[in-house]
Amino acid sequence: MMKRFIFSIFLLPLLLASPQTKAQGIMLTPKWTAQAQFTGYYVADKLGFYKEEGIDVCVQHPAISESSFSFMEKGRAPVVIMNLSYAFMERLAGARVVNVMQTSQENSLMLISHSPLKGEESLRNQKIAVWNHLSQKLLDRLAEHYALKQVEWIRFNSGVNVFLSGAADPCLVGSYNEYLQLSEYGMNVDSIYSIRLADYGYNLPEDGLYVTEEFYNQYPEVVRKLVKASMRGWAWANEHREEALDMVMEEVKKGNIGTNRYHQRKMLEEVLRLQVDQQSGQRTYRLSREGFARAAMILRPAGSASIRYEDFVK
């Protein structure tokens, strides 16, 4: 199988400074533009948690039309944030990506519609608006798993205008972003017909931190320190939410993102809620075997090679 990464380019930014594996200039790429979804990493950077671990991490966002995986694939960033579903599909396709930290424990995805939604059968023969960054492989697997016949996927980059204008209905949204926007736009969200994908078996954990298997094997201590500092950043953000929002708004302003503090506050609250494991009531920062098994059950095509949990989660 053809390798997906140019490893000779990929490893250039890393310089080993000692036997303790001190690295300089590690780029961490979120999966989207600046927003409260990535607060913990901003905190870890701005408060010096990464530097205290002896690593120099630079958080660099992709453009709206880019995926974080494309940064890794092209050798531009050794560490990226991806959804479990995206990473799992790329692993099936041959990309040797591994999960080293899992922030999200609950799925945020919802479908909203101007018409009543009565389960997956009401999605057939519909134009469903979905984000541009979702891979076609993933959409094909969802359509197959839920028997969504004659579905037309309408791509969009951000916001809810495609839904408000009626260009597509229903529309995929996140509970921490677009769903909140509808309320902020003055709509009574309680009256919007909606379903949570988690209620139909698609309760897949989302955001996680990923590196390539080769990077992990070559620099395990760097990865350990990166994860430790990132967890510390999220813990601090949970305890100091307003101060953390100051850092979010700095990133928003730097990226010239059209948003406001109220929306980012609501986003942070929901993101932190989704990080709590429902069984333990804790933020484990670990992809559970149960979450991995749900992903494998839904996303792995029949007859394809299986992926071992121990190979995927480090």
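Overview of values
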quantity: Under Karplus coefficients 6.51, -1.76 and 1.60, residue-wise ³J(HN,Hα) of segment 164-172 in Hz, glycine/proline x; calculated: 4, 7, x, 5, 8, 7, x, 9, 7
quantity: Ranked packing of 42-50, 180-188, most packed first, by mean Cβ within 10 Å; calculated: 42-50, 180-188
quantity: Estimated inter-spin distance, Glu144 and Arg289, nm [label 7 Å along Cα→Cβ]; calculated: 2.7
quantity: Projected label distance in nm at Ile154 and Asn256, using a 7 Å step from Cα toward the beta-carbon; calculated: 2.9
quantity: Solvent-accessible surface ranking, highest first, for Lys266, Lys253 at 1.4 angstrom; calculated: Lys253, Lys266
quantity: For segment 145-214, fraction of C-alpha pairs farther apart than 15 Å, in %; calculated: 66
quantity: Part-to-part distance (alpha-carbon centres) for segment 238-312 and segment 84-135, which is given in Å; calculated: 14
quantity: Angstrom value of the Kirkwood radius, inverse mean 1/r, which spans all Cα pairs in segment 158-287; calculated: 17.4
quantity: Longest to shortest principal axis, alpha-carbon extents of segment 75-195, angstrom; calculated: 43, 33, 24
quantity: Inter-label distance, nm, simple model (7 Å from Cα along the C-beta direction), Gln278/Glu184; calculated: 2.7
quantity: Among 270-281, 298-309, 144-155, 72-83, the order from most to least packed when residues are scored by Cβ within 10 Å on average; calculated: 72-83, 270-281, 144-155, 298-309
quantity: Protein accessible area in segment 74-206, 1.4 Å probe - carbon and sulfur %; calculated: 45
quantity: Residue with peak Gaussian network fluctuation, the chain [Cα springs, cutoff 10 Å], from Ser70, Ser104, Ser230; calculated: Ser70
quantity: Cα-centre dipole for segment 251-300 with unit charges at Cβ (Lys and Arg positive, Asp and Glu negative), debye to 20; calculated: 140
quantity: Rg ratio (alpha-carbon, reference 2.2 N^0.38 Å) - the chain; calculated: 0.99
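The values are calculated or read from the model by the stated rules, or taken from the named source; none is laboratory data. The model shown is predicted, which means the values in this text are computed figures rather than measured ones. Cβ atoms come from the backbone with ideal geometry, glycine included; neighbour counts cover every protein chain shown. In case anyone asks, the SASA skips ligands and DNA or RNA and just uses the protein heavy atoms, side chains included. Shrake-Rupley method; radii C 1.70, N 1.55, O 1.52, S 1.80 Å.
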